[in-house]
Amino acid sequence: MTLNKDLIGEIINVTSKAAISCHKFIGKNDKKNADKAATDSMRNEINKLKINGEVVIGEGEIDEAPMLFIGEKLGAGSNLNIDIAVDPVEGTNFVAKNLPGAISVISIAEKGNLFNAPETYMDKLAVTNEVPIDATDLDFSVEKNIKNIADCLNKDAKNVTACILDRPRHKKIINELKRLNVKIKLISDGDVAGALMVTDKKYGVDIFLGIGGGPEGVLAASAIDAYGCKFQGRFIFDKDEDILRAKKMGIKDLKRKYDLKEIIKGDSIFCATGITSGELVKGVKVKDNNFITETLVTHKNSNMCKIVIREDTIKT
């Protein structure tokens, strides 16, 4: 099934309005209310759409946020049954501290085509589409992945760039990348945006790797699919409660490695609107009584991968 192209503008509207709604919280050290504003806006706008929607990726329980919860039914109703994945604010700390890179994110697909990811960590690998799919793998060593990328791109390992979250849990990987003399792009937060760095040469990233949020992995995979890049993920279940939740979601093999086509099937629409300006998209701006927003949008079946700029009149 192909998602109606008319939906693209409507989904752009969802993330644009969410980004605008938390603009007033930028730099106010109030990430909870910024997230609430974006979440409330997103729920309100999705409920206007002529869809039967269900949230399969919702707000993170870890953040104790005012959730768009997994299983929540959204939409004004129709015969169009849709899976919805959301992150109203990726980078709540970026908003609170007025730092670059906060985005509002959504992905939709036909019912049953978006993986229902548990709120747990995921070991991830995303690689530029210039490298053959079988050249890299989560089960390969860091060295083998880097050397294979270098060989495929016909360059030295010292000219390969790896993006990774700057976390203590990644110390071993980062040390190995340093040993291999790889260029390292460390990011403080935002691993949806981090994974998307492999989608375009202008970002200068060949591989994104390391452990981040499982839900964020599914969101990133939706966009990466439209670019023809590689994505793999393996959930990490360290706690009994995580294992129980996974089993309730129907995940039987807790050590399974998921490829892109298992995470996102069929057609999809992905939108990421900038809240604060980052490498992916510019943040919300105010000009002549208008909010100006910039959204990265992908629609797989029409091969759409582009930036959309729109204006919304400031309501007084």
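The values are calculated or read from the model by the stated rules, or taken from the named source; none is laboratory data. This one's a predicted model, so the numbers in the text were calculated from it and none came from an experiment. Here Cβ is always computed from backbone atoms with ideal geometry, including for glycine, and neighbour counts include all displayed protein chains.
Among the residues of the stretch 281-316, those identified as hydrophobic (A, V, I, L, M, F, W, C) and closer than 20 Å to Gly27 by Cβ are Val281, Val284, Val286, Phe291, Ile292, Ile314. Would you call Lys306 in contact with a helix residue (DSSP H, G or I) (Cβ under 8 Å, 6 or more places away or on another chain) and not assigned by TED's automatic domain parsing to the domain that holds Arg169? Answer is no for this residue.
Which of the residues spanning the stretch 147-184 are of a type outside the set (D, E, K, R) and over 21 Å from Gly217 (Cβ atoms)?
If the condition is that a residue be of a type outside the set (D, E, K, R) and over 21 Å from Gly217 (Cβ atoms), then Asn148, Ala150, Cys152, Leu153, Asn154, Ala157, Asn159, Val160, Asn175, Leu180, Asn181, Val182 are the ones that fit.
Going by the conditions given, is Ala18 in contact with a helix residue (DSSP H, G or I) (Cβ under 6 Å, 6 or more places away or on another chain), of a type in the set (A, V, I, L, M, F, W, C) and at pLDDT 90 or above? Spelling it out, Ala18 is indeed in contact with a helix residue (DSSP H, G or I) (Cβ under 6 Å, 6 or more places away or on another chain), of a type in the set (A, V, I, L, M, F, W, C) and at pLDDT 90 or above. Return a yes/no flag: does the stretch 203-211 have any residue that is of a type in the set (Gly, Ala, Ser), modelled with pLDDT of 95 or more and surrounded by fewer than 17 Cβ atoms within 10 Å (Cβ to Cβ). Yes. The number of residues in the stretch 85-105 being in a strand (DSSP E or B) and more than 24 Å from Asp242 (Cα to Cα) comes to 3.
Consider Ile164 carefully, then state whether it is in contact with a Gly (Cβ under 9 Å, 6 or more places away or on another chain), among the aliphatic types (A, V, I, L, M) and at pLDDT below 95. Spelling it out, it is not the case that Ile164 is in contact with a Gly (Cβ under 9 Å, 6 or more places away or on another chain), among the aliphatic types (A, V, I, L, M) and at pLDDT below 95.
Residue-wise test of (1) among the polar types (S, T, N, Q); (2) part of a loop (DSSP other than H, G, I, E, B).
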{"residue": "Asn4", "(1), (2)": "yes, yes"}
{"residue": "Ile8", "(1), (2)": "no, no"}
{"residue": "Ala18", "(1), (2)": "no, no"}
{"residue": "Lys36", "(1), (2)": "no, no"}
{"residue": "Thr39", "(1), (2)": "yes, no"}
{"residue": "Gly53", "(1), (2)": "no, no"}
{"residue": "Val56", "(1), (2)": "no, no"}
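Here Lys300 does not qualify as surrounded by fewer than 19 Cβ atoms within 10 Å (Cβ to Cβ), more than 13 Å from the chain's Cα centre (by Cα) and more than 26 Å from Ala96 (Cβ to Cβ).
Of all residues in the stretch 275-302, those that are touching a residue at least 12 places away in the same chain (Cβ under 8 Å) have Cβ atoms under 6 Å from Cβ atoms of residues that are surrounded by fewer than 20 Cβ atoms within 10 Å (Cβ to Cβ) and among the small types (Gly, Ala, Ser), 6 or more apart or on another chain, in Gly283/Ser277.
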